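Bear in mind that the values in this text are calculations on the coordinates, not laboratory data. Quantities reported herein were computed from a predicted structural model and do not represent experimental measurements. Here Cβ is always computed from backbone atoms with ideal geometry, including for glycine, and neighbour counts include all displayed protein chains.
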Amino acid sequence: MIKVQNLVAAYGGNVVLDDISLEVDPLEILVIMGQSGCGKSTFLRHLIGLQKPRSGVVEIDGVNVTQMDHREYRTFCRSVGVLFQSGGLFNSMTVGENVAFPLNEHTRLADPVIEIVVKLKLQQVGLPGVEDLMPAQLSGGMKKRAGLARALALDPTILFLDEPTTGLDPIIGAGIDDLIVRIRDIYKATMVVVAHDIASSMRIADRIAIFRGNALIELGTPEQIRASTDSYVQQFLRREADKPDEGGYAADLLR
Ligand SMILES: Nc1ncnc2c1ncn2[C@@H]1O[C@H](COP(=O)(O)OP(=O)(O)OP(=O)(O)O)[C@@H](O)[C@H]1O
Ligand SMILES: [Mg+2]
């Protein structure tokens, strides 16, 4: 479904991702984890063709997203749902208008039909009746859900979610986890989800990819990740700070 080959991503001279290769199977939920700043959001933006790689190939459903023309890109956008890390809602539009946005962009549905779809999508993410509110009137968790409703507007078969639960309290976060798994089942969707919370990732992931520095250091099922012999992976799972006398990231900070 998704095939990444030797992806190199850079901002100017700063190589953020170096030679990343992985595949995501149909209906799989792949969770991307790694320290803040290691390039998870950058990776996601390359998967959806928003950023062009320095080198390497990203293929989605047989289409090379790094070389799409405008027309192909529009078709691609039609089958893909994206939740950006910040939620990405347009602040000047109501929640309803936000969810309707992709429908207005990509379909010729009549307004009353769009209204029904919007209601349905908001209901699906557990936010019935908020169409007329402005994003500023929503709580953090509600904003994420509204962003998710917008990502679902076009009945996508591929979903990219950047930190859908980060910053939420554990109960609301667990609710969104359940929702993610349910959405995969209802939409028969393939998902790439960036997440910070280990328990939550273990719960929803079919496989987990762990990035470190600019490399992919581990990729496997939650069981395989738990059993990893990589000392960084174990440290990451235990949420331990580096020991200053052994060098590493925290040691750099303390210097
Ligand atoms: N638009 C940009 N221009 C230049 N550098 C950038 C840009 N976006 C990100 N970077 C750099 O690329 C690196 C990876 O950033 P990215 O946002 O992908 O990390 P992340 O893993 O998503 O972090 P977080 O967990 O904090 O969201 C960082 O060092 C960041 O400073
Ligand atoms: Mg990020």
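Of note:
- FRET efficiency for Lys119 and Arg238, using Cβ-Cβ distance with R0 set to 45 Å, rounded to 0.05: 0.50
- Computed E for Tyr73/Asp132 - FRET, C-beta separation, R0 35 angstrom, nearest 0.05: 0.60
- A simple spin-label model places the labels of Thr229 and Leu50 3.9 nm from each other, with each point 7 Å out along Cα-to-Cβ.
- Compactness check for segment 15-109: Cα Rg over 2.2 N^0.38 Å is 1.22.
- Extension gain, Asn14 back to Arg203 (0.36 nm per residue minus Cα-Cα distance, nm): 64.7 nm
- Only Cα pairs under 8 Å and 6+ residues apart enter the sum, and on that basis the relative contact order of the chain stands at 23 percent.
- Computed extension length for Asp169-Asp185: 3.3 nm, one decimal, from 0.36 nm per residue of separation with the Cα-Cα distance subtracted.
- Distance in nm between pseudo-label sites at His196 and Thr66 (7 Å out along the Cβ direction from Cα): 3.0
- Relative packing of peptides 155-164, 76-85 - highest average C-beta neighbours within 10 Å first: 155-164, 76-85
- Within straight-line reach of Lys144, meaning a Cα separation under 20 Å, sit the following lysines at least 8 residues removed in sequence or on another chain: Lys40, Lys119, Lys121.
- Ratio Rg/Rh, restricted to the chain and using Cα atoms, in which Rh is the Kirkwood radius: 0.98
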